[in-house]
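J.: For reference, the structure I am asking about is given below.
The values are calculated or read from the model by the stated rules, or taken from the named source; none is laboratory data. Keep in mind the model is a prediction, meaning the values are calculated, not measured. We place every Cβ from the backbone using ideal geometry, glycine too, and count neighbours over all the protein chains shown. Each accessible area value is taken on the protein alone, full model and side chains, heavy atoms only, with ligands, DNA and RNA left out. Shrake-Rupley method; radii C 1.70, N 1.55, O 1.52, S 1.80 Å.
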Amino acid sequence: MPLLNKVRTAVSGGSGGDTAPLSRLRSALTLFFALDGFLFAGWVVRIPAIKQQTGASAGDLGLALLGVSAGAVVTMTLTGRLCRRYGSHPVTVVTAVLLSLSLALPPLTRSPLALGLVLLAFGAAYGGINVAMNSAAVDLVAALRRPVMPSFHAAFSLGGMVGAGLGGLVAGSLSPTAHLLGLTVVGLLLTAAAGPVLLRHPSPAPPEALPTNRSNPSKPSSTSKPSSTSSLSAARPAGARRAVLVFGVIAMCTAYGEGALADWGALHLAQDLDAHPGVAAAGYSLFALTMTAGRLSGTALLERLGQTRTLVAGGLTAAAGMLLGALAPTVWAALLGFAVTGLGLANIFPVAVARAGALAGPSGVATASTLGYGGMLLGPPSIGFLADWFSLPVALTTVALLAAGAAAMGYATRNDRMHSVS
């Protein structure tokens, strides 16, 4: 990781390397990541009330919720193209507005069909903002020459925790319509506050694209390198595509574990280990808490270990933690396993998306995000089928297997010269 600890010499404008625009961009992007998690969690906690309001059966609700997935997956690929054409900053702002507005629609529906249709719009906005803001973050990481991608995803996790906590507090006193409409207003206000920062400043050019050796023309200049990660990938399109797919699969392995623990962790604790309902419910909260803590420390970890070692160590840690969580004979040992799993998985997804973006720009981010989101969708039903065929503890060991697979794939990419870009 030779570039990670170098001092950035210059970014757009200013021979003195003014870092103020980059600092403002980082703060604005962090807010958008937090807003994304906050709004999505606000929707999730009101699903039971909206199910009752629409009169949907469990099967009807499942079909309606596929609207979120379908909208997100379709839009992620399209958003990569929009970012290339218009820039990731304007697309981030527009999709944040659309996400905020679409959040107010689900409680206005009165049938499962109508709910599914509005969730298509909500999912499209959700998928769009995830690709756009991750693309913007990849550019900023390259300009800063610091591996700060985990800090953005930590903001997403923190926003989700705040959104879920607030939703739980107001669920008994506010209707879904009032609650989600209030979140729409919050989303629009925060977008209005942070959006102008992104619109005023285009995505920063990576340092490799800037002249840094004018005073020593005999020294090899970094300007001889391609001016962007997209041109780098253009020079080796086949290898870049393969590498992007690898990082997308790594992201998928991580998201599979997140989805599996979100839907099945509490049931495993209650059903297989006879945990008290309150303790069982705390299982995923503990997992989410340690994942957030891991992401908050992710930048320091990446600077110390580098990306490849972080991927490998994270995957192996998550594998060991999930084996303990799935097969432990006691509740407290299983909770410890969930906590270790959260720490292990914390930085794999951010690193995978960052490296895919460094290889192929917004298209790489879109591919990795789509595969990652697919893993989150694949996890819960896969665990369910395997639990029917074998048992839930055995089914949960697939999370460990995929985490170990992510570690192996991360190690296999250790000689990729592109890793220093991000």
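J.: All other residues with a Cβ under 12 Å from the Cβ of Trp264 taken together, and with Lys, Arg as +1 and Asp, Glu as -1, what is their net charge?
T.: -3
J.: Describe numerically, in nm with one decimal, the distance between label points set 7 Å from Cα along Cα→Cβ at Ala171 and at Leu401.
T.: The modelled label-to-label distance comes out at 3.4 nm.
J.: Which of rounded, prolate, oblate describes the stretch 19-94, given a ≥ b ≥ c as roots of the alpha-carbon gyration tensor eigenvalues and a/c under 1.5 marking rounded, otherwise prolate only if a/b is larger than b/c?
T.: Oblate, since a/c reaches 1.5 and b/c is not below a/b.
J.: Still on this structure: Going 7 Å from the Cα of Leu108 along its beta-carbon direction, which residues of the stretch 61-84 have the amide nitrogen within less than 18 Å of the resulting point?
T.: Counting backbone N atoms under 18 Å from the label point, the list is 68.
J.: Moving on. Not counting ligands, DNA or RNA, and with a 1.4 Å probe, what is His276's accessible surface area in Å² rounded to the nearest 10?
T.: We get 120 Å² for His276.
J.: So I have (i) 20; (ii) 27; (iii) 23, and one of them is percent of Cα pairs over 35 Å apart calculated from this model. Which one is it?
T.: Read-out from the structure maps to (ii).
J.: When the Cα centres of the stretch 243-280 and the stretch 100-170 are compared, how far apart do they sit, in Å?
T.: 20 Å
J.: Next up: Sort 278-288, 355-365 by the packing proxy (mean of other Cβ within 10 Å over each peptide's residues), most packed first. If you can, show how the numbers build up before the last one.
T.: On the way: 278-288: 18.4, 355-365: 29.5.
Ranked by mean Cβ neighbours within 10 Å, highest first: 355-365, 278-288.
J.: Gain in length, Ser391 to Arg242, computed as 0.36 nm per residue apart minus the alpha-carbon separation, to one decimal in nm?
T.: 50.1 nm
J.: Separate question: Report the relative contact order of the chain, percent, no decimals, based on alpha-carbon pairs under 8 angstrom and at least 6 residues apart. Don't jump to the answer; show the numbers that get you there.
T.: Numbers: 775 pairs, mean separation 95.6, N = 422.
It comes to 23 percent, rounded to a whole number.
J.: Also: Kindly sort Leu273, Leu183 by accessible area of their heavy atoms, largest first, with the probe set to 1.4 Å. Please list the in-between numbers first.
T.: Numbers: Leu273 30, Leu183 10 Å².
Per-residue accessible area, sorted high to low, gives Leu273, Leu183.
J.: I've got another one for you. At 1.4 Å probe size, what's the solvent-accessible area of Asp60? Round to the nearest 10 Å².
T.: 60 Å²
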